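Undergrad: What follows is a structure written as C-alpha cells; I'll ask about it next.
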Amino acid sequence: MSHFATPFIVINLGCEMIYVIDQRLKTQKVPLEKSERVLTDIVNVLLHPKLLDELFIPQPAATHAVIRQLLQDISATSIMKLDDYSMSKLWDLMTMIFKWQISVATNQNIFDISRRHLRNVAALMPQYFPKDIFENALKKFDIIAQKFTDDDYNCLCSALIIWFSEYHAKISVLMRLGLQKKDGTFSLPYTINANILKTLGENIYKYDNARKNEDEYENYCLDTSEINCLLASIENVFSTSNVIKLKLPIEFNNEKVENKILKIDTNTEYKNITTLLKNKNMSSDLTYTSNVLKSPQEDLLEMLNE
C-alpha cells in the first residue's frame, strides 16, 4: 500500500469539490463578491502550506470517513453552509468523478491529473488571490514525482483504485456526457470524446451544455447526484473567527494519533496598490505606491531627513 495516497485523494477531491461549488454558485446567481469569498475561503484552507506539510508526510491511506470529515470541515470554513443531504450529494459527485478520471486514464498519470486540477482551480480564483499557494502544491507533487520509481507509481495507482472501489453512485453529468451507463458502470475509453480524455482533471462541467427543464432535473435528483440537488445557504454576516481547526488523518506505525488538531490562520494579507496622479511640466504620469508597512530603520531615516 502506497504511503502517499492521502494527499492525492484529499487534493484531487478538494479540487472537484471546488468545481461543484463554483458551478452551483453560478447556477444560484450568487453575487460575485460572495462567490469569490466562498472560493477564497475554501482554497485558502485546502491548500494551506501547513495542511499540505501534514498530508505529504508518508503514512497509510486515511479512511473514507476521516477524509470525508476533513473535506466537510474545509467546506464549512466558507460563508456557504451545506446541510447533511447536500454534503452527501457533493461527496458522491467528488468521489465518482475522480474515480472516473483514474479509471479511464490511459496515456496520463495521476500526477498529470493532479496538476491539471490545481491549475484549473487557480483559473477560477479572483485576480487578487495569491498564486504562490498553487505553486507550493504543484512543487510538492513534483518532488514526489522525481523520487518515485515505477514500483512506487504502480503501488500508488493500486492504492487509489482500491480506495475508490466501494463507490458506485450514478452521476447525472457523467450520464449526460455518455461517460457513465445507466447501470452505473463507466464507458470504455475508446468510446469517449477524445477532447474529454485529454483533459482529465479539468472542470468537466464546461462540457455539460445540456439544458433540462425542472421536471427532468427532479427526476435526475431522485436517483443520481446532480448539482441542482445541492442546497446551500450564504451567511449574511462573515465569520469573525480567524483560526480554523482541522482534525488530521495522521497515522504512525499503524497507531492513529487521536485528536491531532491543526490550527490554520485564515488571515491573508494582500498589498494594496494605490494610483497617484502627478502633474509635471504640463504632463502627467502614473506612479504606483504599495501600502507596505515601513521598517523601524526606514522610519528613523525619514525622521532624520525631515
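Bear in mind that the values in this text are calculations on the coordinates, not laboratory data. As the structure is a prediction and not an experimental result, all values here were calculated from the model. Cβ atoms come from the backbone with ideal geometry, glycine included; neighbour counts cover every protein chain shown.
Undergrad: Would you pick out the residues in region 55-76 that are part of a loop (DSSP other than H, G, I, E, B) and more than 14 Å from the chain's Cα centre (by Cα)?
TA: Listed by number, the residues that qualify are 56, 57, 58, 59, 60, 61, 62, 63.
Undergrad: Considering region 141-184 alone, what residues qualify as being hydroxyl-bearing (Ser, Thr, Tyr) and under 18 Å from residue 204 (Cα atoms)?
TA: If the condition is that a residue be hydroxyl-bearing (Ser, Thr, Tyr) and under 18 Å from residue 204 (Cα atoms), then 172 is the only one that fits.
Residue-by-condition table, conditions (1) among the aromatic types (Phe, Trp, Tyr); (2) within 30 Å of residue 191 (Cα to Cα); (3) touching a residue at least 24 places away in the same chain (Cβ under 8 Å):
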residue	(1), (2), (3)
36	no, no, yes
41	no, no, yes
53	no, no, no
79	no, no, yes
82	no, no, yes
99	no, yes, yes
109	no, yes, yes
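Undergrad: Contact list please: Cβ distance under 9 Å, first residue in region 85-97 and closer than 11 Å to residue 68 by Cα, second residue of a type in the set (Asp, Glu) and assigned to a helix (DSSP H, G or I), pairs at least six apart or on different chains.
TA: What qualifies is 94/16; 95/16.
Undergrad: Among the listed residues 196, 204, 133, which satisfies the condition of being touching a His at 6+ places or on another chain (Cβ under 8 Å) and surrounded by 12 or more Cβ atoms within 10 Å (Cβ to Cβ)?
TA: The match here is 133.
Undergrad: I've got another one for you. Among the residues of region 140-186, count how many are in a loop (DSSP other than H, G, I, E, B) and touching a residue at least 12 places away in the same chain (Cβ under 8 Å).
TA: So the count comes out to 10.
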